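A short worksheet on the structure shown next.
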Amino acid sequence: MNLINNINYSNESILNAIIESTADGILVVSKDGHILKTNKKFKLLWNISDSILETNDDEKIIASVLEQLSEPKLFLKNVKELYSQPEKESSDILNFIDGRVFERYSAPYKMDGEILGRVWSFRDISTQKQTEETLNHERIVLRTIIDNLPDAIYAKDIKFRKTLANKADLNNMGCISEAEAIGKTDFEFFSVESATVAYNDDKSIIETGQPVIDREEDLIDKNGRRNWILTTKIPLKDKNGNISGIIGVGRNITNRKKNELIRETLYEISESVLTTFDMPMLYKKIHHAVANLMPAKNFFIALFDENKNVLSFPYMVDEYDEPYDPKPLGKGLTEYVIRTGKPILIDAKKDMELCEAGEVELIGTPATIWLGVPLKENDRVTGVIVLQDYDNPKAYGNDELQLLVFISEQIALAIARKKNAEEVQKYVAELNELNQTKDKFFSIIAHDLKNPFVTLLGFSEILLSEYKELQSDEVLYFINEMKNTADLSFNLLQNLLQWSRSQTGKIEFHPSNINLFKIVQQNILLVNKAAEKKDISLVNNVIEELDLYADEDMLNTIIRNLLTNAIKFTNTNGIISVESRINKSMVEIDIKDSGVGMDAETVTKLFRLESTQSTTGTNNETGTGLGLILCKEFVEKHDGKIWVNSEVGKGSTFCFSIPLKE
């Protein structure tokens, strides 16, 4: 307690009572250094003898107590300084050798505005200081423990602002000092999605008082980095029991979760080889698996064909660029990974260095960070898996690079296995098709090729055994029928041989520039006799100056077979026309008849070996459908298409496309 500056009590006894009742030691000294007043507490605090006090000499009292002080010179200096400045007030702390601590207060002693001396008060605050030091020590110990625990520890007020954050929590937020976090909410450190989840939890705790225990939180920071925290939050209450905030403890389980995800990812990629229908589905599964481990908004897989020196991009998802077309190996970042065979993380600075060194060239939209990892089979680079970000240069770091390297082996293996599986499926399908082809081939030989010979043998037997009894017109009839049968058999045999050669790859493909009108006219002349028998008109409406780039033998076979087929299913006095039109780089050729036509179901069975069967024409002509299959194969050799427009009773139009001349 400080003594009032102006002591103006007239009653000495009241003054003494006041001085003696205070907890402070009081000393009043005159301007000339004589002691005017002390109390018992002063004597007790300083352990001053009566003989010294009775001298009423301030200097002697000072001299008697100096040896008790930790810093006697400083004490003496301050006393002299105050005596030299009568108007000055002062407050400081005195430390004693025995550990005691005094609080000292000094002020001028005034009466009626005149300074008569100086008043000193001394209070023993040793217990208070010890308590403060103990509390401060405990606070330091507690804070040291909190800051060095591996778990994040934090506190928030009722407005969800941080009031405390230890080092682990600062690390989760990406802060260096606690000052960066105090007074701020989760929305300033984490993605909106993550911060919203935390906000809803905190709000529920404040409103209900119910804690959150061991909840896994998926936190995505402002750099897009994903962390998993096992969180416990409890309400913080004031002395009145009212909720004043939240205390939270979070254990970073990111490494554990990543290991779990890596195992799941490796299994998912491996399993995808069996569960996906085709390569595009596998690539999509791989993308999904990688996205579980790191940001993957911009992702592509590039495959390298070493024999062709071609880089293809079978799967690409990107915010800005369209999927790249296959291309020869160039100087892009992807090619750089293929050339070096090493994974690389490229930021703007590294990209500039590689460009200046002539190692790479800019291809596509520039990214702020680019991560590429080679895919390898037996130490041979077969492709590259790439992740990139256009906005956040911190989206990927060394952790993501190492992680992608780790799973790249499984990705490369999955792609290779799926390719092999598709090759096996392709071979199985081809083998099944070959078996069907073989069966159909023998069926045609056994049935369709056999029947004409039965007819030939029968007629020749009649001619041989009964020629003397036969009339000349009868002989002519049999000879004519034998000729027709022989023509049909030859045409069938010719188709069989051509088809057989096409199945074994023995037909060579030699395209050249040829005139379509002349080819059509030649084939009309070849089939004209068959048309004349049914009084069918054949019309060539093809553009006379139109040249194609085609194999002449194959084109002859296509047109001849389609004309023969049209004659077969056209009634007497019908019309068959051949027309042409240009469609971009292709010529579309129509062979249109006025025949019986077909229903939709029959149309779907055309050009399919498994659906071919002997059919009868309008004049009982026979056929196998093999000619149409041959037409389809020869058209597709030219990268063209063949199709049919038909309606029952209204005829059919067979259309096919062939490239224009080069």
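The values are calculated or read from the model by the stated rules, or taken from the named source; none is laboratory data. Computed from a prediction, not measured in an experiment: that's the story for all the values here. Positions of Cβ are backbone-derived with ideal geometry, glycine not excepted, and every protein chain shown enters the neighbour counts.
Could you list all residues from segment 1-50 that are modelled with pLDDT under 90, among the small types (Gly, Ala, Ser) and at negative phi? Listed by number, the residues that qualify are 10, 13, 17, 21, 23. Counting the residues of segment 244-265 that are part of a helix (DSSP H, G or I), out of contact with any helix residue (DSSP H, G or I) (no Cβ under 8 Å at 6 or more places or on another chain) and either within 13 Å of residue 211 (Cα to Cα) or among the basic types (Lys, Arg) (or both) gives 3. Under 17 Å from the mean Cα position of the chain (by Cα), within 26 Å of residue 365 (Cβ to Cβ) and in a strand (DSSP E or B), is that true of residue 295? The answer is no for residue 295. Residue-level check: of (1) closer than 26 Å to residue 204 by Cα; (2) assigned by TED's automatic domain parsing to the domain that holds residue 75, residue 155 misses just (2).
Scanning segment 71-100 for residues that are among the hydroxyl-bearing types (Ser, Thr, Tyr) and under 14 Å from residue 59 (Cα atoms) yields one hit, 83. Condition first: assigned to a helix (DSSP H, G or I) and under 16 Å from residue 655 (Cβ atoms). Now tell me which residues in segment 510-567 satisfy that. Matches in segment 510-567: 516, 520, 555, 558, 559, 561, 562, 563, 565, 566. Of the numbered criteria (1) surrounded by 13 or more Cβ atoms within 10 Å (Cβ to Cβ); (2) modelled with pLDDT of 85 or more; (3) over 30 Å from residue 409 (Cβ atoms), the one residue 228 fails is (3). Here residue 405 fulfils each of the conditions (1) part of a loop (DSSP other than H, G, I, E, B); (2) under 17 Å from the mean Cα position of the chain (by Cα); (3) surrounded by fewer than 20 Cβ atoms within 10 Å (Cβ to Cβ); (4) not charged (D, E, K, R) apart from (1).
So that you can scan it fast, the table gives a plain yes or no per residue for (1) part of a helix (DSSP H, G or I); (2) more than 30 Å from residue 133 (Cβ to Cβ):
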site: 27; (1), (2): no, no
site: 44; (1), (2): yes, no
site: 83; (1), (2): yes, yes
site: 106; (1), (2): no, no
site: 119; (1), (2): no, no
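Note on segment 130-163: residues that are over 16 Å from residue 250 (Cα atoms), of a type in the set (Ser, Thr, Tyr) and either touching a helix residue (DSSP H, G or I) at 6+ places or on another chain (Cβ under 8 Å) or loosely packed, with under 10 Cβ neighbours inside 10 Å (or both) total 0.
If the condition is being surrounded by 14 or more Cβ atoms within 10 Å (Cβ to Cβ) and small (Gly, Ala, Ser), then segment 284-335 contributes 289, 291, 296, 302, 312, 332. Taking (1) assigned to a strand (DSSP E or B); (2) farther than 30 Å from residue 155 by Cβ; (3) free of Cβ contacts under 8 Å to residues at least 24 places away in the same chain in turn, residue 271 satisfies each apart from (1).
Here segment 582-629 is the region considered, the condition is being under 17 Å from residue 558 (Cβ atoms) and modelled with pLDDT of 90 or more, and the residue that is surrounded by the most Cβ atoms within 10 Å (Cβ to Cβ) is 589. Residues in segment 414-436 that are in contact (Cβ under 8 Å) with a residue 40 or more places away in the chain and under 19 Å from residue 314 (Cβ atoms): 414, 415, 417, 418, 419, 421, 422. Would you please list the contacts, defined by Cβ atoms under 6 Å and residues six or more apart or on different chains, that run from a residue in segment 135-152 that is assigned to a loop (DSSP other than H, G, I, E, B) to a residue that is surrounded by 10 or more Cβ atoms within 10 Å (Cβ to Cβ) and at pLDDT below 90? Every condition considered, no pair remains.
Yes/no matrix, rows are residues, columns are (1) in the same structural domain as residue 273 (by TED's automatic domain parsing); (2) surrounded by 14 or more Cβ atoms within 10 Å (Cβ to Cβ); (3) of a type in the set (Asp, Glu):
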{"residue": "376", "(1), (2), (3)": "yes, yes, no"}
{"residue": "381", "(1), (2), (3)": "yes, yes, no"}
{"residue": "389", "(1), (2), (3)": "yes, yes, yes"}
{"residue": "392", "(1), (2), (3)": "yes, yes, no"}
{"residue": "401", "(1), (2), (3)": "yes, yes, no"}
{"residue": "411", "(1), (2), (3)": "yes, yes, no"}
{"residue": "418", "(1), (2), (3)": "yes, yes, no"}
{"residue": "432", "(1), (2), (3)": "no, no, no"}
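Considering every residue within segment 506-519, establish whether at least one is surrounded by 13 or more Cβ atoms within 10 Å (Cβ to Cβ), within 56 Å of the chain's Cα centre (by Cα) and closer than 30 Å to residue 436 by Cβ. For segment 506-519, residues surrounded by 13 or more Cβ atoms within 10 Å (Cβ to Cβ), within 56 Å of the chain's Cα centre (by Cα) and closer than 30 Å to residue 436 by Cβ: present. The single condition among (1) in the same structural domain as residue 365 (by TED's automatic domain parsing); (2) under 16 Å from the mean Cα position of the chain (by Cα) that residue 223 does not satisfy is (1).
Filtering segment 574-606 down to residues that are among the basic types (Lys, Arg) and not in a loop (DSSP other than H, G, I, E, B), which residue is farthest from residue 513 (Cα to Cα)?
To start, the set of residues in segment 574-606 that are among the basic types (Lys, Arg) comprises 581, 584, 592, 605.
Filter once more, so that each one left must be not in a loop (DSSP other than H, G, I, E, B): 581, 592, 605.
Numbers: 581: 17, 592: 25, 605: 33 Å.
Ranking the qualifying residues of segment 574-606, first place goes to 605.
Give the residues of segment 167-199 that are farther than 9 Å from residue 219 by Cβ, among the hydroxyl-bearing types (Ser, Thr, Tyr) and either in a helix (DSSP H, G or I) or not assigned by TED's automatic domain parsing to the domain that holds residue 232 (or both), sorted by residue number. Within segment 167-199, 196, 199 meet the criteria.
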